[in-house]
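Notes for the one structure printed next.
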Amino acid sequence: MAIKGLDLVTFSVDDASAADRFLMQWGLKRVADPRFGSRYECADGSAVRFAPSSSDFLPAGVQPGPTVREVMWGVESPADIERLHHELASDRPVEVDEEGALHTVDDSGLAIAFRVSHKQSLKVDPLGFNTPGAPQRINSPSRFYKSAEPQELSHIVIGVANFSQAESFYRERLGFTVSDRYQGRGVFLRGAPRGNHHNLFLLDDGKNSFNHLAFKVRDIHEVIGAGQQFQALGWQTHIGPGRHYASSGCFWYFKSPFGGALEYVADEDILTEAWQSSVFTPTPEMFSEWHFGAEGPKLGPLAKPGAESS
Ligand SMILES: [Fe+2]
């Protein structure tokens, strides 16, 4: 089984006009969607869409009002779809839509779906850095950003009422791999052994909830440059900018009309089977190496490598 990552995330909203304005200014491309009118795509084709909270065709939300209504995962091949169908139909209803995508629910009641991924391969020129002794950018100014161009959906963070049940479902039924863990707080999971540090973070929240959805941009300068421009348009910072210890990601979270935050993130760790998972202590100073408008980090032991096999 190979779950490549997030393909399409569907939301309910109370203010469709604000949701449209947010996503256009976030830097996504609006394209026609037969059921929803529009969806909003990253460069690789992964996308989000929304409908009013009162819409009768949306799957049930895990919380009332604006929130996530369905998480569509992209898989590599039709054979993966067949295996997932067989696995999940053993204990829950699974619907197959006209395009062959599977629709069902996870053990928390969150609507989930699977399709052969629509994501396109990305070709992005990396930004060169002039490190002393190893300059990469000669006679060439750096890149500057006036707005973001999100490249792909990176990860989603979902709060769950029954944490152990939720973790078991994603690991044992869907084949997710543990990347790292915040002790007593949550687990970072990736859909395949090789890939982004996490596609899913399950938050031991005591309730089912949507926390945030992250969009990968090209580099740290895009996080900060485009994030600053986005804030200047009137959208409010939730946290950031900063840089996580877990995943190494540079981030900036913004409050959104979607019931949780949306995040710009760059330079997250890419993992293979050789990765040794760690258990991080969930303290505020462990959340970020640096961030503005908050107390600075108190450096200490960061994590216990190899504390858990995945
Ligand atoms: Fe995140």
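The values are calculated or read from the model by the stated rules, or taken from the named source; none is laboratory data. The structure displayed is predicted, hence computed values, not measured ones. Ideal geometry is used to build each Cβ from the backbone, glycine not excepted, and the neighbour counts take in all protein chains shown. With ligands, DNA and RNA removed, areas are computed over all heavy atoms of the protein, side chains included. Shrake-Rupley method; radii C 1.70, N 1.55, O 1.52, S 1.80 Å.
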Every residue from segment 227-247 that is part of a helix (DSSP H, G or I) and over 16 Å from A261 (Cβ atoms) = Q228, Q229, A232
Output for segment 49-76, where each listed residue is farther than 25 Å from A161 by Cα and touching a residue at least 60 places away in the same chain (Cβ under 8 Å) = G74, V75, E76
Condition broken by L200, with the remaining ones in (1) free of Cβ contacts under 8 Å to residues at least 60 places away in the same chain; (2) open to solvent by 20 Å² or more (accessible area, probe 1.4 Å) satisfied | (2)
Regarding Q236, is this residue in contact with a Phe, Trp or Tyr (Cβ under 7 Å, 6 or more places away or on another chain), away from the ligand (no atom under 16 Å from the Cβ) and open to solvent by 40 Å² or more (accessible area, probe 1.4 Å)?
-> yes
Checking V265, V223, V279 in turn, the sole residue that is crowded, with 22+ Cβ neighbours inside 10 Å, on the phi < 0 side of the Ramachandran plot and either more than 14 Å from the ligand (Cβ to nearest atom) or in a strand (DSSP E or B) (or both) turns out to be V265
Residues of segment 251-262 satisfying the condition of being touching a residue at least 24 places away in the same chain (Cβ under 8 Å) and either part of a loop (DSSP other than H, G, I, E, B) or more than 11 Å from the ligand (Cβ to nearest atom) (or both) | F254, S256, P257, F258, G259, G260
Determine if segment 141-154 includes at least one residue that is open to solvent by 70 Å² or more (accessible area, probe 1.4 Å), free of Cβ contacts under 8 Å to residues at least 12 places away in the same chain, part of a loop (DSSP other than H, G, I, E, B) and more than 16 Å from the ligand (Cβ to nearest atom).
-> yes
For segment 10-95, please list each of the strands (runs of 3 or more DSSP E) lying entirely inside it that holds at least 1 residues being open to solvent by 60 Å² or more (accessible area, probe 1.4 Å) and touching a Ser or Thr at 6+ places or on another chain (Cβ under 6 Å).
-> 29-33
Among (1) on the phi > 0 side of the Ramachandran plot; (2) at pLDDT below 95, where does G242 come up short?
-> (1)
Taking F251 as meeting all but one of (1) under 14 Å from the mean Cα position of the chain (by Cα); (2) open to solvent by less than 10 Å² (accessible area, probe 1.4 Å); (3) of a type outside the set (S, T, N, Q); (4) over 20 Å from S147 (Cα atoms), write down the number of the exception.
-> (4)
Tell me which residues, restricted to segment 88-115, are in contact with a helix residue (DSSP H, G or I) (Cβ under 6 Å, 6 or more places away or on another chain) and in contact (Cβ under 8 Å) with a residue 24 or more places away in the chain.
-> D106, D107, S108, F114
